[in-house]
Structures are given as C-alpha cells and as structure tokens.
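Below is one structure, written out as structure tokens; comments come after it.
The values are calculated or read from the model by the stated rules, or taken from the named source; none is laboratory data. In this text the structure is predicted, and so the values were computed from the model without any measurement. With ideal geometry, Cβ positions are generated from the backbone for all residues, glycine too; neighbour counts draw on all protein chains shown.
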2 protein chains.
Amino acid sequence: MMKMSTICKGCWCQKHMLMPIHGPLSVPFKLVGVRPSRMNPNICNMCETNFRKVRKAKRIVVPAAILFADVRGYTGLSELLESQRVSQLLTLWYDQCAPAIWQRDGIVNKLMGDAILAVFNFPITRGDYVRQAVLSGIELQKNCQEVRASLAKEGTEKDIPFGIGVGISAGQVSIGEVGEVCKDFTVVGTVVNLASRLQGAASAGEILVTQEVYQQMGDVAPCSVDARTAKLKGIEEPVKAYALKV
Amino acid sequence: MMKMSTICKGCWCQKHMLMPIHGPLSVPFKLVGVRPSRMNPNICNMCETNFRKVRKAKRIVVPAAILFADVRGYTGLSELLESQRVSQLLTLWYDQCAPAIWQRDGIVNKLMGDAILAVFNFPITRGDYVRQAVLSGIELQKNCQEVRASLAKEGTEKDIPFGIGVGISAGQVSIGEVGEVCKDFTVVGTVVNLASRLQGAASAGEILVTQEVYQQMGDVAPCSVDARTAKLKGIEEPVKAYALKV
C-alpha cells in the first residue's frame, strides 16, 4: 500500500501552502469540502476543481510530461468476455496503473474505457519529471504482465494476448479548465496530441517516446531501445521516436 | 440558459427520493457535500461518486443509449493553432455539447480532449431515451455549424474545416464503478465499444447509428438517411448502420 502524504503536495509545490488532506488535522478541511483528489490522493481536490480560484487564472502554460496508455485489442476482448468480467479486468488495470503514476507524483487526469492519460510535473513539481514518467511507463508494462497472468489462469489468455501500448512526450502544455458551462480540468497542446498518437503507434509491450523524452530520461535502463521514424496521424512531419521495452 | 431542476432527477428516478440540489432547500445538503453533478447539473454527485453506497451494488446492468462524438482533424487543428486558442475552441465545443445532452436527460460521462461520451437513461430514466440520444446528436451537429462560423470569422476555417463525427448505439450496458484504488464512474460493454467505433467511422457531419437505434428513434426526421454495412475495428461481424445527416 502506498504511503499517503498528510499535506497536499500540489498546494505545497504551487503555493507553499500547508493544506492537510490525511490524518486528524484534515477533518475540519473535509467539512468544507477539501478532500484528497481522485487524480492523485496526495493532492487535494482544490488543485483541480477550484483551479481558477486557486491559480487566479483559467489556464497556465507549464512544462510537463504526458503519458497515454491503452489496452491493445480491448474491443475484441470485450466481444469475447461478459461485461462484468470486462469491468473486473478494467478494475485490475486501473488499480495497477494508478499507484504506478501516483508514486511518481503524476496525476491520472483521465480514464476513458481502457485508455489512461497521466500528467507529470503538475501540480506536484519535481526536477526529474520526465524520468518519473518513463519509470511509470515501465512499471505499467511490468504490471500488465500480472494482468496477463491472471487471464492465463482462467484460460482466456490463450485466445487474446492482453497487452498495452504506452506513449510519452514532454514539453510546454496548457493546463487548467476547459468549458464554462461544462467545466473540465485537463491538459491541452500539441505535446498532448503527440503522446496520444505515439501511444496509438506503439505495439503491445512498447513504450514509444519522443527524442526529447529519450534524452531526458536519465538513468532509466530499458531492456531494449529501438529508434524509429514514425508517421503519425494528423501530424505533418515524421517524428523521431524511441521504442523502449522492459 | 437551461432551467435547473430543484431536486435530483437521478435520485428521483432511481429511488423516488427527494434530494434538493438547487434553491434554498439544497443549502444544508451542500454542507454535507451533496452538490449538482458535473455530468449533469440536474442530478447530484451522489449518483456517481457514492454509487456503491446508493445502489448497494458496485455495478448494475441497465438498458441505455450511448453517444460518442469527436472533432474531425483535431490533431491537425492543434498543430495549426496556439494552445490557448485550442482551449478556447474546446470550451466552445464542450459548452455547445453539454446543454444539448443535459436538456435531454443524458449525462456527460467523459470528456477527453475533443472526445465526449454521453449516456442516456441513467440515472434519469425515460421511455424515449433512444430518441433523446438521437435528438442530442442532431443538435450537436447543428451546434457544430456555429463553431465553424466562429472559425470562419477569424479566417481559420479556410484552412481547416471544423466538423464532428457522432456514433450512437443502444442496449444493455454495465454501469457503475471501475477500480478499487482508483475509482471511476463509467459504462462498460459491447454497446459502448460499438458506439465508439461507429463514431470513428462517421464522416464529419454524420451521425452513425445502429439498426436498433434507427428503429427506436421515433419521429426524429433527419434530412437524409444512408444505410450502410460497416466493418469496424475489433468487431468480427460487419455492422448494419445508418448515417443520419441534418
């Protein structure tokens, strides 16, 4: 089990403010609606739902790493299994994903079916956020093997090899609220679309990263690195990418 | 502006319970954390965040209509425009989408970049939910023309024609919480994947629906209907679909 921070790490990094979110001191704050965020239990919900009040701006531009991951062959898997079983698999997948991201100070910004979007370096900032994003990607691929083992036990694995694809990019993103009537806290920018397209181009078992990510990932040592030039949908120029395997 | 319901329509439909969410009676409930949901301001957040407590089950299987919509050429659009401008466009898009869905008693279950996932018939139930889903799809396409007009005014439209694709299916879906550590309220099932794939296959300006939806949409009269057989990714058998245009 992951150890929880007693104060909101987001409020601390962004404003050097001590906001209790776990333990006895957090009780009065819970009464006025401050709770651990679903995106990362080490930050508070104010970091996302009251973004505009807290930041005095609707959106801000910050450097961040963006990670997309999804399950290869999810639609086919859903056709083969009962919906309750698919929910169980998604539960297993979400519960493997989230701690891998939270422990490295990222937030799970979006979950949509089998797809996950994580952001690193906001609201919790740290110098090695690119490295942390890649480490999360590697852990996701390792955890995926556990899901596969669970499927193998019941014999489903024979028919459908469970695997995930991961895409990671880094750079300036616009983060904050989209929508006035229907508000949503999310990241926007070419860096976000690029990570999404890299994920789409990654094979099962692969972590496809941009050159920038590859250069900034520090001491991370994947089992294999395969440099390639990827032609991605909606992006004019071919992109230099690196496929990491664990 | 949309007229808000003073009680939660979800709590009423699901449990015949009067839960005040707007107006003076809602104040004490707000103090204990009951607020209008972001998914639809006519339901309360208990309908989603406390699903398990409220329903005494983690997930339930119910008949529903599922609507997916997204912006065609969004990645290309993002390459061409500044991220702040893309955020503005997304704001316009979300704010056109949400009321079209809320007014027809649907919920905006997910927003992910340019993609939207709406559910009809839960937690607010009504006999003609399939018709309501199609009416929402038609309104989305009409609203899209307004976004296009806004782009035309600034001259961007010349370069990138803004358009959306919509996919709608109907049938039994599993709805409720996915994840134990990282909880998420969502819909799961082949019907959900089918709507997603139909959306992917829809051209800009089209609402692609299943035969079941077509037969149940009642008096909805689109400008044109084009029957086709679609081969969809991850789905073995070709699917009989109808492309509606407004």
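Suppose we filter B:Val62, B:Val71 for residues that are more than 9 Å from chain A (Cβ to nearest Cβ), part of a strand (DSSP E or B), aliphatic (A, V, I, L, M) and surrounded by 22 or more Cβ atoms within 10 Å (Cβ to Cβ); which single one remains? That would be B:Val71, the only listed residue that is more than 9 Å from chain A (Cβ to nearest Cβ), part of a strand (DSSP E or B), aliphatic (A, V, I, L, M) and surrounded by 22 or more Cβ atoms within 10 Å (Cβ to Cβ).
State whether one or more residues within the range A:151-170 are part of a helix (DSSP H, G or I) and within 25 Å of A:Val239 (Cα to Cα). No: zero hits.
For B:Glu48, the criteria (1) modelled with pLDDT of 90 or more; (2) buried (at least 22 other Cβ atoms within 10 Å of the Cβ) hold in every case but one, which is (1). Among the conditions (1) farther than 30 Å from B:Ile60 by Cα; (2) among the hydroxyl-bearing types (Ser, Thr, Tyr); (3) modelled with pLDDT of 95 or more, B:Ser150 misses just one, which is (3).
From A:Leu135, A:Leu117, grab the single residue that is within 10 Å of the chain's Cα centre (by Cα), at pLDDT 95 or above and either among the β-branched types (Val, Ile, Thr) or closer than 25 Å to A:Ser224 by Cα (or both).
After applying the criteria, what remains is A:Leu117.
Do you know which of the residues in the range A:194-213 that are away from chain B (no Cβ under 14 Å) and outside any loop (DSSP other than H, G, I, E, B) is surrounded by the fewest Cβ atoms within 10 Å (Cβ to Cβ)? Only one residue fits best here, namely A:Gln211. Restricting attention to the range A:209-246, the residues being under 26 Å from A:Gln145 (Cβ atoms), without any contact (Cβ under 8 Å) to a residue 40 or more places away in the chain and among the acidic types (Asp, Glu) number 1. With respect to the numbered conditions (1) under 27 Å from B:Gly171 (Cβ atoms); (2) buried (at least 24 other Cβ atoms within 10 Å of the Cβ); (3) at the interface with chain A (Cβ under 9 Å from one of its Cβ atoms), which one is the sole condition not fulfilled by B:Met112? So B:Met112 meets the others, but not (2).
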